[in-house]
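To start, the structure under review is shown below, and the notes come after it.
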Amino acid sequence: QVQLVESGGGLVQAGDSLRLSCAASGRTFSRYAMAWFRQAPGKEREFVAAINYSGGRRSYADSVKGRFTISRDNANNTVYLQMNSLKFEDTAVYYCAARDYDYGVKEDQYDYWGQGTQVTVSS
């Protein structure tokens, strides 16, 4: 079992940066692959980025590639999403998710979810 708590969301202008954090409980954080998903108003939740248990492999949605960076600190049980050059269309609730070892890009591959943090980008 792992519990996830996101933070770092807020209201920013287009072109700004934000860093989201996801703090995980439990002693076995390093065994979990971690991911960020997001859900915009009126849309389905979509994959944003993922990182495997060691941090050696990462994957990004095409829409954020080159602008967002996922990273993890296994010593502090935290995964991050650095978001640069934010666009209006990045506005969404961002969710942190976890699953054992290797990452996936589909929502139903993840077993544990946080409550989400709102990111609003004004144009």
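Within the range 48-66, the set of residues being under 24 Å from A14 (Cβ atoms) and open to solvent by 30 Å² or more (accessible area, probe 1.4 Å) comprises Y60, D62, S63, K65, G66. Checking every residue in the range 43-54 against the condition of being more than 20 Å from V119 (Cα to Cα), outside any strand (DSSP E or B) and in contact with a Phe, Trp or Tyr (Cβ under 6 Å, 6 or more places away or on another chain) gives at least one match. Taking Q82 as the residue in question, decide whether it is in contact (Cβ under 8 Å) with a residue 24 or more places away in the chain and open to solvent by 80 Å² or more (accessible area, probe 1.4 Å). The answer is no for Q82. Checked against (1) in contact with an Asp or Glu (Cβ under 7 Å, 6 or more places away or on another chain); (2) open to solvent by 70 Å² or more (accessible area, probe 1.4 Å), A33 passes all but condition (2). Screening the candidates V119, V79, V93 for the property of being assigned to a strand (DSSP E or B), touching a Lys or Arg at 6+ places or on another chain (Cβ under 9 Å) and farther than 24 Å from F29 by Cα yields one hit, V119.
The values are calculated or read from the model by the stated rules, or taken from the named source; none is laboratory data. Being a predicted model, the structure only gives us computed values, none of them experimental. With ideal geometry, Cβ positions are generated from the backbone for all residues, glycine too; neighbour counts draw on all protein chains shown. Surface areas here come from the heavy atoms of the whole protein model, side chains and all, with no ligands, DNA or RNA. Shrake-Rupley method; radii C 1.70, N 1.55, O 1.52, S 1.80 Å.
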